[in-house]
Amino acid sequence: MKNVTVTMDEALLQRARVAAARDGKSLSRFIAESVEQRVGRPLTQLEAIERFLAGPLMNLTDENGRAPTRDQIYDD
């Protein structure tokens, strides 16, 4: 974990402290989670694979419903 200095208006700081306390979190945790919601978090390898596999299927068949032959795939 890295420490970060954030500058903000005093009124905003007070509202952030109240919101963090209402959520039962430290101000640091509250701000970190807010930033994470905004920018996201990196996907694990499993999550990335699952997201890819859940995507739309690629139709690789021709108008007759046949898949390309090996020669067609690697045709120069």
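Considering only residues that are hydrophobic (A, V, I, L, M, F, W, C) and either in a loop (DSSP other than H, G, I, E, B) or modelled with pLDDT of 90 or more (or both), which ones fall in segment 37-76?
Listed by number, the residues that qualify are Val39, Leu43, Leu46, Ala48, Ile49, Phe52, Leu53, Ala54, Leu57, Met58, Leu60, Ala67.
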Please give the number of the condition Arg29 fails out of (1) open to solvent by less than 70 Å² (accessible area, probe 1.4 Å); (2) touching a helix residue (DSSP H, G or I) at 6+ places or on another chain (Cβ under 9 Å).
-> (1)
Segment 32-49, residues that are closer than 26 Å to Val6 by Cα and open to solvent by less than 60 Å² (accessible area, probe 1.4 Å) | Ala32, Glu33, Ser34, Gly40
Would it be correct to say that Arg15 is open to solvent by 100 Å² or more (accessible area, probe 1.4 Å), of a type in the set (Lys, Arg), modelled with pLDDT under 90 and out of contact with any strand residue (DSSP E or B) (no Cβ under 7 Å at 6 or more places or on another chain)?
-> no
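The values are calculated or read from the model by the stated rules, or taken from the named source; none is laboratory data. It should be emphasised that the depicted structure is a prediction, and the values quoted were computed from it without experimental measurement. All Cβ positions, even for glycine, are placed from backbone atoms using ideal geometry, and neighbour counts span all protein chains on display. Keep in mind that these areas ignore ligands, DNA and RNA; they rest on the heavy atoms of the full protein, side chains included. Shrake-Rupley method; radii C 1.70, N 1.55, O 1.52, S 1.80 Å.
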